[in-house]
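Working notes, beginning with the structure itself.
The numbers here are math on the coordinates, done by the rules we state, and not lab data. Computed from a prediction, not measured in an experiment: that's the story for all the values here. Cβ sites come from the backbone with ideal geometry, for glycine too, and all protein chains shown count toward neighbours.
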Amino acid sequence: MRPVLWLYSKHRLLNGERAIDLINRGEADKILAVIESLDEGSLPDVLRSRVHDRSVLDALEQLDPQPFDLDVWPVARKAGTP
C-alpha cells in the first residue's frame, strides 16, 4: 500500500482509525506500536503486512499537523468491493 493511501485509510490494526487522525491528535505512538509489533512478528500471520520504512515514520512525526479538507475517493480492485 502506498504510504499516503495508508495514512488516509481506516486500518483494522488501529481499531478502524486513520493513521493521519492519530498523528494529528498527537497519538503517533499508537502507530509506532503497531509497526513495532509487525517488526517483532508478534501478530498472527493473517494480520501481518509489509514492514514500513521507519525513516518515513520519523519524517512524518517531524511535520506539524495539517487539516485535511479534500474529498477522498475509495479505490476498489474489483467491482462491488468496498
>> Between Trp73 and Arg25, what's the calculated FRET efficiency when r is the beta-carbon distance and R0 is 35 Å? Round to 0.05.
In response: 0.90
> Between Arg12 and Leu57, how many nm apart are label points set 7 Å from Cα along the C-beta direction?
Replying inline: 2.0 nm
>> Could you sort the peptides 65-72, 24-31 by per-residue average Cβ neighbour count (10 Å cutoff), highest mean leading?
In response: 24-31, 65-72
